[in-house]
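Comments concern the structure below.
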Amino acid sequence: MHKGFALWFTGLSGSGKSTLSERICQRLAACGARVELLDGDEVRTHLSKGLGFSKEDRDTNVRRIGFVAELLVKHGVIAITAAISPYRETREAVRERIGTFVEIFMDCPIAVLAERDVKGLYKKALAGEILHFTGVNDPYEPPEAPDIRVDSSVEEITVSEERVWTLLKDRELIPLSW
């Protein structure tokens, strides 16, 4: 039916990683695919509990997500991840380990993210009230050549979903009939 691969969503908090990855996951499952979603927030709660937000801890978190994704892919499962994964080098190391890896960069300007943020975390980080907030006072290294770049500040979610779906078909990762 399909082979295993990783579909890796990266981007800042609030950029739409979880929303788009959930839509793709549901669509794949509806087609009968073996698929698992590894959401960064859930992984931090269960698999990476106790890690902080230093570069080392963030890298450890991403490597753990990558390890689980690699195991799933080896067993023919589509592993979808939605995690900030801020450092390029760590994402590339995970890509090399997994092999069949599709990177989706959820891009969105900080000003738009701050407007969307119902918890006010961006405003607090921009005011210096929160330290080590990725994209504000901690680095985020965008992918240099993602498979797809989604500007979630202007692109409708249905358009983004179709772009991802088309790429998966074009690369013959899912059947054309889906």
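Leaving ligands, DNA and RNA out of it, rank Val150, Val112 by accessible area with a 1.4 Å probe, largest first.
Per-residue accessible area, sorted high to low, gives Val112, Val150.
Please sort 29-36, 114-121, 83-90 by packing, taking for each peptide the average over its residues of neighbouring beta carbons within 10 angstrom, highest first.
So the peptides 29-36, 114-121, 83-90, ranked by packing, come out 83-90, 29-36, 114-121.
Report, in degrees rounded to the nearest 10, the 0 to 90 angle that the Cα long axis of helix 157-170 makes with the longest principal axis of the chain.
40
Rounded to the nearest 500 deg cm²/dmol, what is the calculated helix-only ellipticity per residue at 222 nm for the chain, with -39500 (n - 2.57) per DSSP H run of length n ≥ 4?
Helices in the chain give a 222 nm mean residue ellipticity of -13500 deg cm²/dmol.
Can you find, among Val112, Val94, Val77, the residue farthest towards the positive end of the dipole of the range 74-139? Put +1 on the C-beta of Lys and Arg, -1 on that of Asp and Glu.
Final value for the positive-end residue is Val77.
Give the lysines reachable from Lys119 as a straight Cα distance under 20 Å; neighbours fewer than 8 places away on the same chain don't count.
Within the straight-line cut-off, Lys119 pairs with Lys17.
May I ask you to list the aspartates and glutamates whose Cα is less than 13 Å away from that of Lys49, ignoring any residue fewer than eight positions away on the same chain?
Asp41, Asp57
Quickly rank 142-149, 13-20, 169-176, 1-8 as a protection proxy: mean count of other C-beta atoms within 10 Å, highest first.
13-20, 1-8, 142-149, 169-176
So, with +1 on the Cβ of K and R and -1 on the Cβ of D and E, and no other charges, what is the size of the charge dipole of the chain about its Cα centre, to the nearest 20 debye?
I would put it at about 460 debye.
Rounding to the nearest 20 debye, state how big the charge dipole of the range 23-91 is about its Cα centre with +1 on each Lys and Arg Cβ and -1 on each Asp and Glu Cβ.
Computed about the Cα centre, the dipole is about 160 debye.
Straight-line reach from Lys169: which lysines have a Cα under 17 Å away, not including same-chain ones fewer than 8 places off?
Excluding near neighbours in sequence, the set is Lys3.
How big is the Kirkwood radius of the range 26-75, worked out from every pair of different alpha carbons and given in Å to one decimal?
12.0
Of Leu71, Leu167, which has the most accessible area and how do the rest follow, probe 1.4 Å?
Putting Leu71, Leu167 in descending order of accessible area: Leu71, Leu167.
Considering all projection directions equally, how large on average is the shadow of the alpha-carbon convex hull of the chain, in square nanometres?
Mean projected area for the chain: 9.8 nm², to one decimal.
The values are calculated or read from the model by the stated rules, or taken from the named source; none is laboratory data. What you are looking at is a predicted structure, and each value in this text was computed from that prediction instead of being measured. Every residue, glycine as well, gets a Cβ built from its backbone with ideal geometry; the counts of neighbours run over all protein chains shown. Ligands, DNA and RNA are stripped out before the accessible areas are found, and what is left, the full protein with its side chains, is counted by its heavy atoms. Shrake-Rupley method; radii C 1.70, N 1.55, O 1.52, S 1.80 Å.
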